[in-house]
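Derivation of every value follows stated rules applied to the coordinates shown; laboratory data play no part. Bear in mind that the values here come from a model prediction, so they are computed numbers and not experimental data. Here the Cβ positions follow ideal geometry from the backbone for every residue, glycine too, while neighbour counts run over all protein chains shown.
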Amino acid sequence: MRFKNNLTKTFPTRPHKNHKKRNHKKVPTRATQQSSQELRPRTASALATFCIINAACMSFLTQNAFYNRPPYIPSSDQAAYAEISTTSAQTSTPLDQFADKLDLPILVYHIVRPSYPDDSASVRAIALTPETFDAQMTYLKESGYHVVTFTDLEYYYKNKKPLSRNPIILSFDDGWKDQFQYAFPILKKHGYTATFFVFTNSIDHKSFFSLAQLKEMLAAGMIIGSHSRTHPYLTQITNQDALWREISGSKKILEDLLGVRIHEFAYPFGAYNDTIVAMAKKAGYRSARGDYFTGVQSANHLYELSAMNAPTTMDLFRKKFQPK
Ligand SMILES: [Zn+2]
């Protein structure tokens with residue numbers, strides 16, 4: 001497909017509909033038993049959760065478009081993160097045997113920073129303070145979880161490469177600069193690798209990662225994935241070239257900027273359909289993160305990986321992730 005060089009800087013303003021069409025063959029699971037032709041969510045509560053999360057995400061993005069978000073106010077909390085441990089050893093034993101259906105939560109974080117008094121409800125719905133995020137990371141380690149990467153999951157399925165027991169994946173969306181300032185040091189302190197999904201038009205814009213920050217995170221062992229070029233609802237793009245630019249073009253831009261291969265894609269708003277999945281494969285991604293419904297993965301769904309928004313409090317986090 002042709003690759004046209006006409007960047008558009010847009011944020012989604014249209015209502016969410018036609019979220020996802022699953023009409024390719026798949027193995028029914030406890031979590032995915034549904035008509036393959038339907039856009040139906042797995043449960044009513046899942047739909048409600050999905051809508052809340054995406055409404056919050058859309059509202060947040062719209063409110064905080066990179067040209068009009070107020071500048072960040074530095075906090076004295078920064079001092080707490082000045083000393084960064086470089087310990088990274090995670091000892092773990094692998095899963096006993098290969099299993100297609102994996103209970104592997106993929107957590108999605110958006111905002112990690114001190115709360116502002118004027119934060120809207122939509123922001124609070126997806127925001128954690130650095131202290132809460134740090135506590136969650138500590139809890140994972142103390143409760144028997146092992147942070148793995150999308151590549152670990154991919155190799156587990158493709159090559160039967162052993163995977164740690166109680167695996168969990170950490171991911172961050174949209175490339176907010178606050179993630180660099182607050183979450184990145186905490187990840188390094190705990191020796192965790194996370195994947196940061198960025199949409200390329202945001203890079204070097206106020207409130208978003210700079211190219212230098214992306215390179216610094218890469219150098220520290222973090223993974224950068226693509227989240228498209230302009231963060232649209234891909235399912236609402238009918239022009240195939242435009243779709244290709246979002247999916248493949250963003251990969252090429254990141255690879256040119258960073259000098260590394262980009263293997264992971266995250267569908268903006270978790271919205272995709274068969275055409276989009278096929279393009280993600282054709283573009284050369286090795287996996288793609290999809291909807292927000294379950295934590296169950298399977299070999300047939302490397303391009304529809306199931307994710308969940310990270311709980312925003314420790315109470316919710318403990319309830320969701322019982323000690324192993
Ligand atoms: Zn996003």
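Rounded to the nearest whole Hz, the Karplus-based 3J(HN,Hα) values (6.51 cos²θ - 1.76 cosθ + 1.60, θ = phi - 60°) of the range 244-250 follow the sequence 4, 4, 5, 8, 7, x, 5, with x at glycine and proline. Length gained on full extension, Asp103 to Ala299, computed as 0.36 nm times the residue gap minus the Cα-Cα distance: 69.3 nm. Highest-first packing order for the peptide set 142-150, 254-262 is 142-150, 254-262, based on the mean count of other beta carbon atoms within 10 Å. Counting DSSP beta bridges with both partners in the range 102-320, what percentage is antiparallel, nearest 5? Bridges in the range 102-320 that DSSP calls antiparallel: roughly 10 percent. Quick one: of the DSSP bridges fully inside the range 138-268, what percent are antiparallel, nearest 5? So the antiparallel bridges in the range 138-268 amount to around 10 percent.
Cβ-Cβ distance of Gln236 and Val260, R₀ of 30 Å, FRET efficiency by 1/(1 + (r/R0)^6): the value works out to about 0.50. Sorted on the mean count of surrounding Cβ atoms within 10 Å across their residues, most packed first, peptides 194-205, 154-165, 98-109, 276-287 read 194-205, 276-287, 98-109, 154-165. Spatially, the range 206-228 and the range 233-250 are offset by 22 Å when compared through their Cα centroids.
Percent of alpha carbon pairs in the range 102-320 separated by more than 22 Å? Counting every Cα pair in the range 102-320, those more than 22 Å apart make up 48 percent.
In sequence order, the range 200-211 has phi-based couplings of 5, 5, 7, 4, 6, 8, 3, 6, 10, 4, 8, 4 Hz under the Karplus curve 6.51 cos²θ - 1.76 cosθ + 1.60, θ = phi - 60°, and Gly or Pro positions carry x. Residues Tyr233, Tyr116 in ascending order of nearby Cβ atoms (within 10 Å, fewest first): Tyr116, Tyr233.
Around the amide H of Asn309, modelled in the peptide plane, lie the amide H atoms of Val108, all under 5 Å away and 5 or more residues distant in sequence or on another chain.
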